[in-house]
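Okay, so here's the structure we're looking at.
The values are calculated or read from the model by the stated rules, or taken from the named source; none is laboratory data. Since the model is a prediction, treat every value here as computed from it, not as a measurement. Cβ coordinates were reconstructed from backbone atoms using ideal geometry, including for glycine residues, and neighbour counts include every protein chain displayed.
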Amino acid sequence: MFLTLALLRKGIPGKQWIGKHRRPRPITWQMKRNMLKHLEREAENEYWISRPYVTPQQEAGSAAERRAAVWLRIKEAKFNNFPQHKTITDHLAQLRMAKNWCT
């Protein structure tokens, strides 16, 4: 169909590589090689994922200490950014400078 259209008309109508009736791409040896490499990599990943390094019992409480340390670090950082406490004398110190209000 594409050959007939190319020979009888100026060119192939529309986009020939996309759409419902698109032209099939030829499979090259590079495509086969890349697919084999991809499948081998995927098989190796599945192999390593299927064999856990630690048992479920060891994994159960492994992150609790790390999470507690991270939480303490976050809490200390928030407390360090908190402004210092001010007393009422600090707030009213500007009134002592003028002293016009008491006479």
Inset, instruction - Return the total of residues in region 15-42 being surrounded by 10 or more Cβ atoms within 10 Å (Cβ to Cβ) and either at pLDDT 90 or above or β-branched (Val, Ile, Thr) (or both). - result: 12
Inset, instruction - Enumerate the pairs (first residue in region 58-83 and among the hydroxyl-bearing types (Ser, Thr, Tyr); second residue anywhere and assigned to a helix (DSSP H, G or I)) with beta-carbon separation below 7 Å, excluding pairs fewer than 6 apart on the same chain, so at least 6 apart or on different chains. - result: none
Legend entry - Filter pass, residue 83 being surrounded by 10 or more Cβ atoms within 10 Å (Cβ to Cβ) and in a loop (DSSP other than H, G, I, E, B): no
